[in-house]
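This report concerns only the one structure given below.
The values are calculated or read from the model by the stated rules, or taken from the named source; none is laboratory data. Predicted model only: the values in this text are computed from it and were never measured. So basically every Cβ, Gly included, is an ideal-geometry build from the backbone, and we count neighbours across all protein chains shown.
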Amino acid sequence: MHRQEGKKMSEAIELSGVRVHNLKNVSVSIPKNQIVVFTGVSGSGKSSLVFDTIGLEARRQLIETFSTFERSMLPKITRPDVDEIVNLSPVIVIDQKRPGQTLRSTVGTMTELYTYLRLLYSRCGEPFIGGSNLFSFNNAEGMCPECSGLGQLMVIDENKVFDFSKSVAEGAVLHPQYKKGGYYWSSLMKSELFDPHRPVGELSEKERYNLMHHPQTTILGERFGEKYQAQYEGVLSRLKKTYINKEENSDAYTQFFRYETCHSCHGSRLNEQARTVIVAGRTIPDLIHLEMPALLAWLDSLDHPHATPIARKMGLIIQYLIDIGVGYLTLHRPVATLSGGEAQRVKIAKQLDCTLVNLVYILDEPSIGLHPRDIRNLTRILTELRDRKNTILVVEHDPEVILSSDYLVDIGPGAGIHGGQITYSGPVSGIHTSGTKTADYLSRRAEMAPVRRQAKGEFRIGNASLHNLKSVSVSIPKGVLVCVTGVAGSGKSSLIHGVFCKEHPDAVVIDQSAVGRSSRSNPVTYLGIFDLIRKEFARATGTEPSLFSFNSKGACPKCKGLGILKMDMHFLDDVAMVCDECNGLRYRPDVLALRYKGKTISDILNETIGEAIDFFDTPEIRRKLEVLKLVGLDYLRLGQSLNSLSGGEAQRLKLATELHKKGNIYVMDEPTTGLHMADTERLLGIIHGLVDTGNSVIAIEHNLDVICQADYIIDMGPEGGNSGGEIVATGTPEEIMVNKASVTGRFLSEIFSMNQVQNCRIKVAHE
C-alpha cells in the first residue's frame, strides 16, 4: 500500500509562513500523489492547515480565473494568512456537511442514481409514457399532485397555531411570525374580514374561514386619511404555502405541524401514471425502498438492450456505496436524515466515478461512524483514489487510517495556544520514533480494562421493532459502562435513541448535534458563564450587567460588538478590518474604562479558561470553568468564537455542558468523534468517573479503545439495514472477543494479539 518512502519527492505542495488561527508561522512540504494524513490532538491546528489554508486558497485561486462578471455571482473568499503556497492543484473538499437538506433531496438525487433510474424507465418501461422528466418528483409532470412531490403531507394542528380563548388583538395566533405588533399581525387586524377583538372560538364559520383559510387577496385599507392596497392571506393558507415553496423545517414550523405519508402516492412522490410503469416486474416505488445490494441484484437481472449501459453505470455507483459501508441506504432516504459521516461517504462514492486526475482530495475524518471492518474498505477506496494519480489529504485520528497512509503530518504538541506547530512530517513509518503524542498512542493501541464492574440491576427492553429492529429484547446492565457496537446501520441508534431514551426520558443524552456556530457565541456564553461574569463586573462597578454584553448596551456602536468591520468589494473579496473605533475590543470606551480586579471585560474575554480559573473567586464561575478544564478545553480563550472550534473541541464543549447536570443515566452517541487518541484517554477518564460515582453510561461507539474499556458490550448486526437489527452477541469484551458470530469480537481479538506482539517487542528491546 505504501509508496517508496525513500524516494525523493519530485513535486510537492509547498506552504510557507502559515499563520491561520493558532498556526505559528508553519512551513511544510506535502508530497503529491500520496495519501497524506494530518493528525494531532483536537484543536492543534489540523483543520486550520488543511481546510482553512489549502482548501480555501485553492477555491480562491480557482475563482480568480473567472471574469469579473462571473466572480460577482460567486462567493467572495479572503486569502488566508500565509506567505506562499506553490504547486497547488484543484481541490475537491469532501466534508461532513449534508448537501441539499431540503425535503426534496434524497440519497437517490444526491448520488444521481435516481436520475439514471428515470432514464431507464423512460427507455425500457411498459407502458411507454414519455421522457425521463415524467418520472421526476421535482417536475410538475411527474410529481404527485397531492403532496407536490414531497411524499408527505403537512398537517397543521390548529390547536397549536391558535389560542381559541383569545382574540387576534390579544395574540390568539401563536406562530412567531404573527407576534403582536408585527407585519402579519397587523395585516390580520386591518383585514376587516373578521372581528379581531372577538375570541377566535366565538367567531362565525365564515369569519373563522377568513382568518384561517382565505386565499391570497388584495384588501383596501386606510391610514392617516389615505387609502392603500395590501395583500391578505389566511394564516393556515399562508403557512402551508410557505412550507411547500420554501420547504423550511425549522423549529418555528415543526412545533405547529406534523407530517404524514401522502395517502395518494404512499410516499413515492410520483403521480399515478409514473407509478404504474414497470421494468422487469418492478415499479419505481418498488425500487426506491430497496437497499443497495438488492437494487444491484435487480439491475444485474435486466435483459434489455437499452438497459445495459444505464445499469452498468448505476451498478458501479451502487457497488462503491456498498464498499464504503453505506449499502444499507435506500434511494428514498432523505439527505437530511443522514449523519455527517454517512453524507461524507456518499460523496466519496460519487467521486470514485470521476475520471479527472491530478486533483487534491481533502477529507474530514472519513472514519467517523464506521466500524473497524468498514474502515478497512475505506482505506482501500482511498488507495484507489490515490492510484488514479490524485493527492489525498485526510484529517484523521483513527490508527488504522493513519498507519495505512503514505505520509504523515503531526501537528501539536498541544491544543490551541499550545499547538500550531509541526511536530513530525515524513513517511508514516518514521512516526514511531518521533516522540510525539501520536507516536506514543500508536505504540500501545487499545488496552483491556484490568477489572470489570458488576451490574447493579438492569434496564429491560422487550420486543423493540423500530426501523430495522427485529423484535429485539435485551437487558442493559445498570451502574456500569455499556458499549453498543456493530457495523453502520445495524440498529444501534434505533435501539438506544429510538427505544431506550423514549422509555427513559430522564436520561442525559450527549449526541452529535452541532453547537451554535454564531460568531457572537463563545464557550462562556454557551455554558451560561458569561451572565455570571457580567454580574460580577456590574457588582464591582455599581453598574448594570447589560453594559458588559457586546450584544447589548455596552457594544461598540460602529461594529455592533463584532470587533471587525466588513467591506463589500463587490466582485472582489470582502475585506474584514479591525474596527477603528474599538480597536477590535467590541465595547464602548466608557465600558472599557470599568475594571474588575484591575481587568476590563475585554481583558477577561482574552484570557484562557485556565487563566480565568485562577482569576475568579466566585464558586459558581470556577465550578463551570473547571468542567471545561476537565474535558481538556482549558486552553480556549473565553471570548473565542464557536465557529472557530474544531469538531473535537465542539464535541467536548457539548460534553461539558451536559456533565454538570444531575442524572444517573448518560447516553453518549460516539463521544470520541473528532478526538485524538490522547483526548480519547481523557474522555475515558471522565466516563469512568461518571460510572464510579454511581451513574450508568451507555455509549454507542466504534472506537476500540473505548470498547476495550467497557464493562459490557451489546453487539448488533450482523450487517446493516434489513440485514441488521438483531443482537449478535452480549457480554464482556473478553467474551465478545471469542464469539465467532461477532465482527466486533474479531477486531478485539486482533487488537489483543497485536498488543501481545508489541509487548514482546518491548520486552526484547529492554533485554
Can you pull out the residues in region 295-313 that are assigned to a helix (DSSP H, G or I), surrounded by fewer than 16 Cβ atoms within 10 Å (Cβ to Cβ) and not polar (S, T, N, Q)?
Ala297, Asp300, Pro309, Arg312
Of all residues in region 355-403, count the ones that are among the aromatic types (Phe, Trp, Tyr) and farther than 23 Å from Pro90 by Cα.
0
Do we have Lys629 as touching a strand residue (DSSP E or B) at 6+ places or on another chain (Cβ under 7 Å) and either in a loop (DSSP other than H, G, I, E, B) or over 24 Å from Arg444 (Cβ atoms) (or both) here?
no
When every residue in region 252-288 that is touching a Leu at 6+ places or on another chain (Cβ under 8 Å) and in a loop (DSSP other than H, G, I, E, B) is compared, the one nearest to His332 (Cα to Cα) is Ile288
If you take the residues of region 172-183 that are in a helix (DSSP H, G or I) and either in contact (Cβ under 8 Å) with a residue 24 or more places away in the chain or touching a strand residue (DSSP E or B) at 6+ places or on another chain (Cβ under 6 Å) (or both), which of them is surrounded by the most Cβ atoms within 10 Å (Cβ to Cβ)?
Tyr178
From the set of residues in region 677-707 that are in a strand (DSSP E or B) and out of contact with any Ser or Thr (no Cβ under 8 Å at 6 or more places or on another chain), which is farthest from Thr438 (Cα to Cα)?
Ser696
Please indicate, with yes or no, whether at least one residue in region 635-653 is modelled with pLDDT under 95, closer than 30 Å to Phe459 by Cα, in a loop (DSSP other than H, G, I, E, B) and assigned by TED's automatic domain parsing to the domain that holds Val484.
no
Going through Val50, Val41 one at a time, which residue ends up being crowded, with 20+ Cβ neighbours inside 10 Å, at pLDDT below 95 and of a type in the set (Val, Ile, Thr)?
Val41
Single condition His397 does not satisfy, out of (1) in contact (Cβ under 8 Å) with a residue 60 or more places away in the chain; (2) assigned to a helix (DSSP H, G or I)
(2)
Among the residues of region 331-379, which ones are of a type in the set (D, E, K, R), surrounded by fewer than 23 Cβ atoms within 10 Å (Cβ to Cβ) and without any contact (Cβ under 8 Å) to a residue 60 or more places away in the chain?
Asp353, Arg376
Counted residues in region 341-367 being part of a helix (DSSP H, G or I) and in contact with a Gly (Cβ under 8 Å, 6 or more places away or on another chain) come to 3
Return yes or no: is Pro285 within 34 Å of the chain's Cα centre (by Cα) and either outside the structural domain of Lys492 (by TED's automatic domain parsing) or not β-branched (Val, Ile, Thr) (or both)?
yes
Determine, yes or no, whether Val168 is in contact (Cβ under 8 Å) with a residue 24 or more places away in the chain, over 16 Å from Tyr232 (Cα atoms), assigned by TED's automatic domain parsing to the domain that holds Lys240 and within 44 Å of the chain's Cα centre (by Cα).
no
Can you tell me which residue in region 435-472 is farthest from Asp705 (Cα to Cα), limited to those that are in contact with a Leu (Cβ under 9 Å, 6 or more places away or on another chain) and among the small types (Gly, Ala, Ser)?
Ala464
How many of the residues making up region 139-171 are more than 24 Å from Ile284 (Cβ to Cβ), in a loop (DSSP other than H, G, I, E, B) and not β-branched (Val, Ile, Thr)?
9
Output the number of residues of region 184-206 satisfying the condition of being free of Cβ contacts under 8 Å to residues at least 40 places away in the same chain, farther than 13 Å from Val235 by Cβ and either of a type in the set (Ser, Thr, Tyr) or not in a loop (DSSP other than H, G, I, E, B) (or both).
6
Here the residues within region 431-462 that are modelled with pLDDT under 90, surrounded by fewer than 19 Cβ atoms within 10 Å (Cβ to Cβ) and among the small types (Gly, Ala, Ser) are Ser443, Ala449
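One line per residue, one yes/no per condition, for (1) without any contact (Cβ under 8 Å) to a residue 24 or more places away in the chain; (2) under 27 Å from Val326 (Cβ atoms); (3) not small (Gly, Ala, Ser):
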site	(1), (2), (3)
Arg637	no, no, yes
Gln651	no, yes, yes
Lys654	no, yes, yes
Asn664	no, no, yes
Gly689	yes, no, no
Asp692	yes, no, yes
Asp705	no, yes, yes
Cys708	no, yes, yes
Gly725	no, yes, no
Does Gly598 count as surrounded by fewer than 20 Cβ atoms within 10 Å (Cβ to Cβ), on the phi > 0 side of the Ramachandran plot, out of contact with any strand residue (DSSP E or B) (no Cβ under 7 Å at 6 or more places or on another chain) and not basic (Lys, Arg)?
yes
Only listed residue being touching a strand residue (DSSP E or B) at 6+ places or on another chain (Cβ under 7 Å) and surrounded by fewer than 19 Cβ atoms within 10 Å (Cβ to Cβ), chosen from Pro718, Pro671, Pro733:
Pro718
On the given criteria, is Thr330 within 29 Å of Ala699 (Cα to Cα) and at pLDDT 90 or above?
yes
List pairs: first residue in region 11-39 and within 21 Å of Asp81 (Cα to Cα) and without any contact (Cβ under 8 Å) to a residue 12 or more places away in the chain, second residue in a loop (DSSP other than H, G, I, E, B) and basic (Lys, Arg) anywhere in the structure, Cβ distance under 8 angstrom, at least six positions apart or on different chains.
Asn25/Arg19
Given the criteria of a type outside the set (D, E, K, R), more than 25 Å from the chain's Cα centre (by Cα) and crowded, with 19+ Cβ neighbours inside 10 Å, does Val428 qualify?
yes
Just to be sure before I move on: is Asn139 of a type in the set (S, T, N, Q), surrounded by fewer than 23 Cβ atoms within 10 Å (Cβ to Cβ) and more than 24 Å from Leu385 (Cα to Cα) in the structure I sent?
yes
Near pairs, Cβ below 8 angstrom, 6+ apart or cross-chain, from region 590-616 (more than 17 Å from Thr525 (Cα to Cα)) to any residue that is among the hydroxyl-bearing types (Ser, Thr, Tyr) and crowded, with 19+ Cβ neighbours inside 10 Å:
Leu592/Ser602; Thr600/Tyr587
Exactly one of these conditions fails for Gly325: (1) touching a residue at least 60 places away in the same chain (Cβ under 8 Å); (2) part of a helix (DSSP H, G or I); (3) in contact with a helix residue (DSSP H, G or I) (Cβ under 7 Å, 6 or more places away or on another chain). Give me its number.
(2)
Restricting attention to region 679-700, which residues are under 22 Å from Leu748 (Cβ atoms), buried (at least 22 other Cβ atoms within 10 Å of the Cβ) and touching a Lys or Arg at 6+ places or on another chain (Cβ under 9 Å)?
Asp679, Leu683, Ile700
